[in-house]
Each structure stands twice: as structure tokens, then as C-alpha cells.
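The values are calculated or read from the model by the stated rules, or taken from the named source; none is laboratory data. As the structure is a computational prediction, the values presented were derived from the model and not from experiment. Cβ placement follows ideal geometry from the backbone for every residue including glycine, while neighbour counts extend to all protein chains displayed.
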Amino acid sequence: MKLFDKLYIDGEWTRGSGTGQIDVIDSASEAVIGRIPEGTAADVDRAVRAAHAAWEGWAALDVETRAGYLTKISEGLAKRMDELADTMAHEVGMPLMLSKLIQAGLPVANFATFAQLARKYTFEEQVGNSLVIREPVGVVGCITPWNYPLHQIAAKVAPALAVGCTVVLKPSEVAPLNAFILAEVIHEVGLPKGVFNMVTGYGPVVGEAIAAHPLVDMMSFTGSTRAGKRVSEVAAQTVKRVALELGGKSANIILDDADFERAVSNGVNACFLNSGQTCSALTRMLVPRAKQAEAVAIAKRTAEAFTVGDPFAATTRLGPLVSGAQRDRVRSYIRRGLEEGATLVTGGPDAPDGLAKGFYVKPTVFADVRNDMTIAQEEIFGPVLCILPYDTEDDAVRMANDTPYGLSGGVFSGDVERAKRVARRLRTGQVEVNGGRYNLLAPFGGYKQSGNGREMGTLGMEEFLEVKSLQL
């Protein structure tokens with residue numbers, strides 16, 4: 001068991017002002033695997049004031065110095081990759097091999113990438129008789145989720161530090177142990193005091209205190225749309241900048257000229273990654289009505305090949321969900337799909353055979369789904385795929401866009417130019433064309449109620465910059 005009884009504030013491990021503790025639960029065994037401090041608003045105030053005091057000195061450092069710190073953090077995380085992968089496999093439930101590649105590997109790459117981007121970035125440019133300067137926004141409050149916990153932390157903390165901001169982080173209380181490892185690495189590399197601060201606790205207390213604090217200049221939040229709206233409401237009282245990466249209900253359009261074996265199997269994989277606990281998961285598969293039976297057969301076979309079980313077993317392809325609450329939520333959506341008349345192809349609301357303990361859900365596929373059904377409109381955040389038949393290409397685009405969300409999407413076609421034409425019509429922040437791979441340098445974020453602002457790449461770094469014009 002990992003026991004942490006201190007917060008990280010002003011370059012030191014320090015006890016919080018409260019006495020509460022939060023248990024961290026193993027997603028597979030339901031055992032307590034760790035304990036962290038339950039922070040308070042007073043702890044947030046200390047952390048914010050430390051970040052505010054450190055900001056001017058950190059911002060004044062040259063880019064190469066700041067980038068050098070980020071490189072050292074990346075190297076420090078790389079030395080602890082096995083520990084990180086193991087920790088997050090326990091916390092989140094992702095199978096260990098994937099956890100090392102994704103949950104641990106992406107944060108290592110993020111810190112290194114933003115170090116490189118900062119070194120190349122042009123912070124000043126002459127525009128006519130004006131000198132346009134981009135400078136750090138100031139103190140950034142970061143609130144991060146549990147599904148890709150360290151990756152989401154790195155996607156905020158790394159670019160903020162790179163451009164000269166200081167940070168107060170509240171990691172998810174559901175999967176926080178990885179954040180303590182990051183804080184240990186940051187302490188070891190000797191980041192100046194107050195530049196990075198971490199207060200653990202619950203959103204309604206710690207999160208709202210960060211969002212409300214007058215010395216916080218910007219909020220960067222990833223999580224549910226409901227919680228993101230609340231962060232915006234609180235932050236609006238001090239008119240601070242807010243960047244939000246929220247929910248999704250992403251459509252994967254498979255056109256009639258696609259290779260269905262490849263397209264459908266790829267789509268199932270894109271839905272079930274991390275047991276479906278992915279905001280950009282392609283959870284709605286849109287297929288030509290005449291080919292729905294073919295798509296259903298392929299999806300059924302692909303889904304049933306996902307071995308469910310212990311994330312540390314070599315044969316496991318689908319681990320547990322993160323918590324009992326999340327498991328129950330997903331199972332309730334599966335029951336809702338049955339009640340509303342969708343056809344259950346495979347899976348269902350019952351526990352997988354032999355897995356009575358642990359937060360497991362059967363990989364589930366529904367067919368004959370209408371776009372007005374609950375399972376087609378609301379984010380389930382579990383291994384549940386909805387197959388929706390469409391009649392024309394225009395019909396498919398209309399259905400894809402008929403949702404409050406706009407985070408991701410997919411298009412498969414035998415003609416890449418046709419796929420790109422359809423992709424351009426989707427109201428969403430990113431589109432996978434014929435299974436295009438994730439790109440760390442590409443901006444990530446959503447339209448509509450999937451949020452505002454972008455993470456990753458140069459545009460993600462610019463979220464943390466203010467713009468000033470000197471008229472000469």
C-alpha cells in the first residue's frame with residue numbers, strides 16, 4: 001500500500017490543514033491500495049500564493065532553462081516507467097502492457113515534446129509598426145481526470161511550465177498515486193520552489209477553491225461536461241481564462257466502399273480502448289443499412305475476442321472499470337439500451353463469468369440503435385458500442401452531428417479523398433480517417449459541449465500565453 005500524508009506546496013512536502021484522508025481502490029481486486037490527503041480551501045490558498053510568488057522569477061528565465069527542466073522531468077519519469085505502469089494498471093484497470101505504452105509512455109513523451117516545442121517557438125514577431133509579444137498567462141489551475149491520469153496532467157503542466165506559467169494541480173482523487181510519483185520526480189530535478197504545487201482532494205472543495213481564487217489567472221480542466229460547466233461558472237466570477245476538454249459521443253462513419261473487415265474491427269478497438277474509458281472513443285458506429293448485418297457479424301466476433309480479466313494477466317485485453325460507481329453506471333446504460341429496444345448483439349449488464357469481484361463489465365455491442373436513444377446520445381464511458389444504420393451519406397453526416405458533443409470522430413472509405421470530404425463535414429475537433437493514428441503534435445479538443453480550447457502541440461502551448469502589442 002502507498003501511503004501519502006503530505007501535499008506538495010512551495011517546493012516542499014507539507015502537511016495539509018485538514019485531517020481527512022481518501023482511500024485509493026484497486027479496480028480489479030477492490031482492495032485499498034493507497035491513501036492520500038484530503039486537501040482544503042486553506043491548502044489551496046497556500047499553494048496558489050506560492051505559485052503567484054514564484055511566477056515572475058520563473059517567467060523571467062530563458063526558454064532553454066525551462067525546457068531543460070522539462071527534459072529532466074521526462075527523463076525522471078522514464079526511469080520510473082515500470083512503477084508508473086504498474087500503479088496505473090491498479091488504479092485505472094488498463095492491461096499492464098498497454099499501461100506501460102500509453103499511461104506511462106505518453107507522459108514521458110509529452111514533457112520531452114513540449115521542451116522541444118518551446119525551444120522552437122517564436123514568442124515575438126514584428127507586425128507592421130507593432131511588436132507582438134506572447135507571454136505566460138500567469139498562475140494556472142489544473143484539474144485532471146482519472147481515465148488517463150498522468151497523460152492528462154502532463155498535457156497541461158508541461159506546456160504551462162514550458163511557456164513560463166506556474167501551476168497548482170488537483171489530480172483526480174480516484175487515480176492520484178501517479179501524480180505523487182510525478183511530484184517526487186519534480187522535486188528531485190530541483191524545479192524552483194512554487195513553480196509546481198499539488199493539492200489533492202475532492203472537486204467541490206479543492207477544485208472549486210482553485211477555480212475561485214483571485215490569484216489564479218487561468219483554469220485548465222478535463223472531465224465531465226457537467227463538472228466543466230461548474231468550473232466555468234466559478235471561474236467567471238474573476239473573469240479568468242478557462243480551457244475545457246469535456247465529454248464525447250463520437251461517431252465512426254463507415255462508408256459503403258470501405259473494407260468492412262478492417263473498418264469494423266478497427267472501430268470496435270477504438271471504442272473499447274481502456275475499457276471504453278476514453279473521452280474520444282468512437283462509441284457510435286454508423287453503417288449503411290444494407291450492410292448492417294455484415295458489420296454486426298464482424299463487430300460481434302471482434303468484441304467477443306476481448307478477453308476480460310485481471311490487468312496483470314498476459315491474456316487480458318479488457319480490464320475492469322475504474323470504480324464501483326462507474327461499473328454500475330455503465331451497466332445501467334446497458335439496461336437502458338435494452339429497455340429502449342436496441343438489439344443486444346453481445347455482452348449485457350451482468351458480470352462477466354468468474355469475475356464477481358472487481359469493477360468488470362462485459363464488452364457489449366448493440367445494433368438497430370436509433371440516434372434518439374439514450375445510449376446514442378449520452379456518454380457511457382464503458383465498453384459499449386452502438387451500431388446505427390443509415391441510408392445515405394448525407395444521412396450519416398446528419399446523424400453524426402446530431403449530438404451535443406463534438407470531440408472526435410472517424411470516417412472509413414476505400415477512397416481517401418471521399419473520406420476526407422466527409423470528415424470535413426463533421427462538427428468535431430478531430431477525425432480519424434481510415435484509422436489514422438494519434439499524433440502528439442496535433443491539437444486535441446472539441447466543438448460544442450465537448451469544450452473549448454486545445455491541448456497538445458503548438459496550439460496547446462499557446463493556450464497558456466497572453467498576447468501583447470507594442471505599437472512602435
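Brief remarks on what is shown
- Filtered residue count, region 285-312, keeping only those that are free of Cβ contacts under 8 Å to residues at least 40 places away in the same chain and either closer than 28 Å to Glu30 by Cα or in a loop (DSSP other than H, G, I, E, B) (or both): 2
- Per-region count, region 350-366, residues of a type outside the set (Gly, Ala, Ser), assigned to a loop (DSSP other than H, G, I, E, B) and either in contact with a strand residue (DSSP E or B) (Cβ under 7 Å, 6 or more places away or on another chain) or buried (at least 18 other Cβ atoms within 10 Å of the Cβ) (or both): 7
- On inspection, Gly248 does not qualify as at positive phi and outside any helix (DSSP H, G or I).
- Identity of the residue in region 170-189, under 18 Å from Ser74 (Cα atoms) and without any contact (Cβ under 8 Å) to a residue 60 or more places away in the chain, that ends up farthest from the chain's Cα centre (by Cα): Glu184
- Residue count, region 211-223 (criterion: under 19 Å from Leu150 (Cβ atoms) and not in a strand (DSSP E or B)): 1
- Subset of region 34-56 (residues that are farther than 10 Å from Cys165 by Cα and among the small types (Gly, Ala, Ser)): Gly34, Gly39, Ala41, Ala42, Ala47, Ala50, Ala53
- Every residue from region 64-94 that is buried (at least 24 other Cβ atoms within 10 Å of the Cβ) and outside any helix (DSSP H, G or I): Gly93, Met94
- The set of residues in region 206-225 that are of a type outside the set (A, V, I, L, M) and buried (at least 24 other Cβ atoms within 10 Å of the Cβ) comprises Gly207, His213, Ser220, Phe221, Thr222, Gly223.
Condition check ((1) part of a helix (DSSP H, G or I); (2) free of Cβ contacts under 8 Å to residues at least 60 places away in the same chain) across all residues:
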site: Asp372; (1), (2): no, yes
site: Ala376; (1), (2): yes, no
site: Pro389; (1), (2): no, no
site: Gly414; (1), (2): no, no
site: Ala423; (1), (2): yes, yes
site: Gln430; (1), (2): no, no
site: Leu440; (1), (2): no, no
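- Qualifying residue in region 376-384 (condition: more than 26 Å from Asp259 (Cα to Cα), in the same structural domain as Thr122 (by TED's automatic domain parsing), small (Gly, Ala, Ser) and in contact with a Lys or Arg (Cβ under 9 Å, 6 or more places away or on another chain)): no
- Qualifying residue in region 42-55 (condition: in the same structural domain as Val174 (by TED's automatic domain parsing), in contact with a Lys or Arg (Cβ under 6 Å, 6 or more places away or on another chain) and within 28 Å of Ala109 (Cα to Cα)): no
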